[in-house]
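Here the structure is laid out as structure tokens; the discussion comes afterwards.
Bear in mind these aren't lab numbers, they're just calculated from the coordinates by the rules spelled out. Computed from a predicted model, the values in this text were never measured in an experiment. Reconstructed Cβ throughout: ideal geometry from the backbone, glycine too, with neighbour counts over all protein chains shown.
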Amino acid sequence: MNSVRMPLLQFDMQAESGLSLGHGLSIDRFSFNDAYRLPLFSEQDIAQMRSARWALRYAGDELAAYRSRSNTLLAAFRVVSPYHPPFFKFRLASVPERSTRINQPMTCNYVANRIRKPYSMDDLEAVRLAFHRMLEMDSLSTRTHNALYFLYRAYHADKWIDSFLLMTGALEALFSKDAPGGATAAITDRVASFLESVDRCTKSDVADLYELRSSMTHGRIVVSDDPGENLAKLEHLELVTNFCFRKLLESKKYSCFRTKTDRNAFMGTLNVAL
């Protein structure tokens, strides 16, 4: 059986022992030892590892699947919890030469101002449930798979523009029309209706975010890597996107994507006057 530890950075939890998450994954106590002092890790890497109190551990033989599952778990933290999410940069294998350094770990928008606090067991149970439902959602249809893939990519993009476009792609995978042609109006109506126009998720809010996307893709504004005030727009889009995924997971409405007929019926309930 293979064993891989991924030190969880900027993470703590209110527990004395570890937590099983299923699918071969668990959160266990972590302490650095000299077996992890490998040539591929810099002194800064080692300092980061030393700071970790917990690690995500995989034990099993499905090496082709565990990376995808561990990334899905990180996404679950990001979607359902209001707190600063953990991330990892290192995979420490039981066979040292199989250890790796992740060059593009999950990023975090500092404008979001997520507080940092130890996760309670209730917090972690919500994450665990979301994780299992995300795995189920991923296997339902091409739309749900693509939506989760775009979301994962958005969380790992190191440029705000990449993250912004990928998040709009996630919403489009879920809420766009099947027929060709302009879909912005349908998406904004459906997202706002699904979220019941809660604060910062009204039709005008979503339309404003899509107008920025259209202005960039159609050449009405100059695209730049400079984050500037664009991080605030990205934070707003992430809030809307996370609300959508959270509600889909909590209500299990993602099951409506299993067939085209069921999805069309679900979308029909969202075409309401706002």
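Descriptive notes on the structure:
- Between 0 and 90°, nearest 10: helix 160-175 axis offset from the chain longest Cα axis: 60
- Computed Rg/Rh of region 142-268, alpha carbon atoms with Kirkwood Rh: 0.95
- Contact order for region 135-259, expressed relative to its length and based on alpha carbon pairs under 8 Å spaced 6+ residues apart, stands at 29 percent.
- Dividing the mean sequence gap of close Cα pairs (under 8 Å, 6+ apart) by how many residues the chain holds gives a relative contact order of 18 percent.
- Charge dipole (region 2-112, unit charges on Cβ, about Cα centre) - positive-most of A55, P7, P86: P86
- Compared with the direct C-alpha span, the chain from R200 to E97 gains 32.3 nm at full extension, assuming 0.36 nm per residue.
- Simple Cβ-charge dipole of region 2-112, Lys/Arg +1 and Asp/Glu -1, about Cα centre, in debye nearest 20: 160
- As a rough footprinting exposure proxy, the listed residues E229, E238, E196 were ranked by other beta carbons within 10 Å of their own, and the order from fewest upward is E229, E196, E238.
- Given charges at beta-carbon only (K, R positive; D, E negative), |dipole| of the chain in Debye: 420
- Cβ-based exposure ranking for T184, T241, in which fewest neighbours within 10 Å come first: T184, T241
- If only the Cβ of Lys and Arg carry +1 and only the Cβ of Asp and Glu carry -1, the dipole of region 142-268 around its Cα centre is close to 680 debye.
- Three principal axis lengths of region 2-112 [C-alpha, angstrom, descending]: 36, 31, 29
- Per-peptide average of other Cβ atoms within 10 Å, ordering 143-150, 40-47 highest first: 143-150, 40-47
- Hydrodynamic radius (Kirkwood) for region 75-117, which is based on Cα pairs only, to one decimal in Å: 12.3
- Using a simple spin-label model with pseudo-atoms 7 Å out from Cα toward Cβ, N2 and A65 lie 1.3 nm apart.
- Each of A112, L38, T259 was scored by the projection of its Cα onto the charge dipole of the chain, and the greatest displacement toward the positive side belongs to T259; charges sit on the C-beta of Lys, Arg, Asp and Glu.
- Full-stretch length increase - L129, E16 - with 0.36 nm per residue and alpha-carbon distance subtracted: 38.6 nm
- Crossing angle, helix 184-194 versus the chain [Cα axis fit, 0-90 degrees, rounded to tens]: 70
- Fully extended contour minus Cα-Cα distance, from M121 to T259, at 0.36 nm per residue: 46.1 nm
- Considering only Cα atoms, the convex hull volume of the chain works out to 142 Å³ per residue.
- Helix 203-217 axis, angle to the chain major axis (alpha carbon atoms, nearest 10°): 80
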